[in-house]
Amino acid sequence: MTTMPNDAVSPGLWALAWRRLGADRVAMAALAVVGLFLLMLALSSAGLLAADWEEEVAVNYAPPTFVGADPVTAALARPQRPAPPNAFDPLADELEALKRDVARSHPPAEKALTLPFGADKWGHDVLKKTIKGGETSIVVGLVAAFVAVALGTLFGAVSGFYGGFVDDLFNWFYSVFTSIPSILMILAVAAVLQQKGVTTIVLILGLTGWTGPYRLIRAEYIKHKAREYVMAADAIGASNWRKMFSHIFPNVSHVALVQVSILVVGFIKAEVILSFLGFGVPVGTVSWGSMLNEAQNELILGKWWQLAAAAGAMALLVTAFSLFTDALRDALDPKLK
């Protein structure tokens, strides 16, 4: 009995996809950025990163400072020669001494000198706040995307495999959802649920975002249910659910995976919009959306650093995820060799 060499074995779909991804430098750079954000999420969830983000480490609205000392604080903190007595204001000397004592012994003022993104109106470190806010926004995006794709895959599989009246029923349900603009549907469900919280946002986005995956998965099941391997499974007595999820689904799982990556980007932006409009996370929970909501009032005062931190982090993650999604879609395309 002879064995075929390893070079003669045809690589599978996922092996070919990974080979194409590895040859795409932009895709690998985007994947590295997404991986760093996921690592940040894991460390923040474990309490190893930004756990003390609510600690008041600076004065209100402390500006970003990287290296060096604030000249005003430094001047107050350094020892000075005693000034001659002020004949017009006998308390002037006592006030100057009190200011110097406060500058020397007030830790927040010293810590504020090393905050790269400044502090918010409560004296919280904006960098740590951005990391903690990213934990909420990324979790909402990931979990809501999995909920939406799971519903869309289930509905699409049942509709495409059975056809007939079942297909008509799901198509009517799909038409009702798609006839309403997505943002209005999201706001309507948010107004009905009323209760704020991360779980509520996940349900809102998951229950309104299944239509895209449904349409694609339904088309794939209609195409695959007539293939020879499904007929062979039917000949050996496999049940319908076994044919749907043990035989057909592995061959269309790449479509569901791409939909997950696409919806994560959309749901992160949707969470920001909901929190900005007041339908998002409750008071006491920070997210990128709640930070942008706070920043709109700070801009009037000329305090731009919280807006820059939240918007910059979100833009970096969304851009990297979008680039990786496009590359993954091309890599999983069976028409590309």
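Each value in this text was obtained by applying a stated rule to the coordinates, not by laboratory testing. What you are looking at is a predicted structure, and each value in this text was computed from that prediction instead of being measured. Cβ sites come from the backbone with ideal geometry, for glycine too, and all protein chains shown count toward neighbours.
Structural remarks
- Counting beta carbons within 10 Å around each of Trp288, Trp241 and listing the fewest first gives the order Trp241, Trp288.
- With the largest listed first and rounded to whole Å, the semi-axes of the equivalent ellipsoid of segment 191-230 from the Cα gyration tensor are 35, 9, 6.
- The Stokes-Einstein estimate for segment 215-337, based on a Kirkwood radius over Cα pairs and taken at 10 °C with 1.306 mPa s viscosity, is a diffusion coefficient of 89 µm²/s.
- Of the residues Phe170, Phe321, the one with the fewest other Cβ atoms within 10 Å heads the list, and the complete ranking is Phe170, Phe321.
- Residue-wise HN-Hα coupling along segment 177-187, computed from phi with Karplus coefficients 6.51, -1.76, 1.60 (Hz; x: Gly, Pro): 5, 7, 6, 9, x, 4, 5, 5, 5, 5, 5
- Amide hydrogen neighbours beyond the local backbone of Asp125, cut-off 5 Å, H modeled: Val57
- Cross-linked pairs Lys129/Lys196; Lys128/Lys196; Lys225/Lys269: Cα-Cα separations exceed 28 Å for Lys225/Lys269.
- At q = 0.24 Å⁻¹, base-10 log of I(q)/I(0) for segment 152-258 (Debye sum, equal scatterers on each alpha carbon): -1.21
- Going from the residue with the fewest nearby Cβ atoms within 10 Å to the one with the most, Ile180, Ile300 rank Ile300, Ile180.
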